[in-house]
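One structure is given here, and the rest of the page talks about it.
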Amino acid sequence: MKNNLIKCVPMWDKVKPGTKFVAYIEGIRCEGRIQKEDSSIYLCQDAKEGCGCLDRLGYRHSWTINDGTEENLSNNRVEILSLEEDPEFVAPPTVEVGDGYKVTFEVGYINVGCQQITNEQVIQVVANLKWK
């Protein structure tokens, strides 16, 4: 794979979480949304598993580009093709439960901390609840 993968390096301070992106990650075309946590930027999408962020905005995977510099894009084998701000985007709901664990409601599953729980597992839990 070539070292010269970057077509554009955005001004990341102007890019909001939830912005839509199209990019190649290790040569695989991916579409998803940008997430920012601490000082890192993540490409949240369903195609390529990588370094995970806590809130993947409803996607199954995320891929870090660290601070998004040209060097970090190249080192993480990412080529950004396009970015599109989505003013109607609403992040999936997240709640905190004991010991700072985050519960994030995603499409097809929920995350409790870093544990993924499928819809089928949630249905089993709900079926076993005892109602007063």
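Just so you know, all these numbers are worked out from the coordinates, no wet-lab data involved. Everything quoted here is computed from the prediction, not taken from an experiment. Backbone-built Cβ (ideal geometry, glycine too); neighbour counts: all protein chains shown.
Below are the figures for this structure:
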| quantity | calculated |
| --- | --- |
| Residue match in region 84-97 (condition: within 15 Å of the chain's Cα centre (by Cα) and at positive phi) | no |
| Of all residues making up region 29-72, the number that are out of contact with any helix residue (DSSP H, G or I) (no Cβ under 9 Å at 6 or more places or on another chain), outside any strand (DSSP E or B), among the aliphatic types (A, V, I, L, M) and under 13 Å from Trp12 (Cβ atoms) | 0 |
| Trp131 free of Cβ contacts under 8 Å to residues at least 40 places away in the same chain, among the aromatic types (Phe, Trp, Tyr) and surrounded by 13 or more Cβ atoms within 10 Å (Cβ to Cβ) | no |
| Residue among Ile80, Ile117 that alone is in a strand (DSSP E or B), in contact (Cβ under 8 Å) with a residue 40 or more places away in the chain and surrounded by 13 or more Cβ atoms within 10 Å (Cβ to Cβ) | Ile80 |
| Selection count, region 93-104, where residues are touching a strand residue (DSSP E or B) at 6+ places or on another chain (Cβ under 8 Å) and without any contact (Cβ under 8 Å) to a residue 40 or more places away in the chain | 7 |
| Selection from region 83-92 of residues that are surrounded by 10 or more Cβ atoms within 10 Å (Cβ to Cβ) and either touching a Lys or Arg at 6+ places or on another chain (Cβ under 8 Å) or without any contact (Cβ under 8 Å) to a residue 24 or more places away in the chain (or both) | Leu83, Glu85, Asp86, Phe89 |
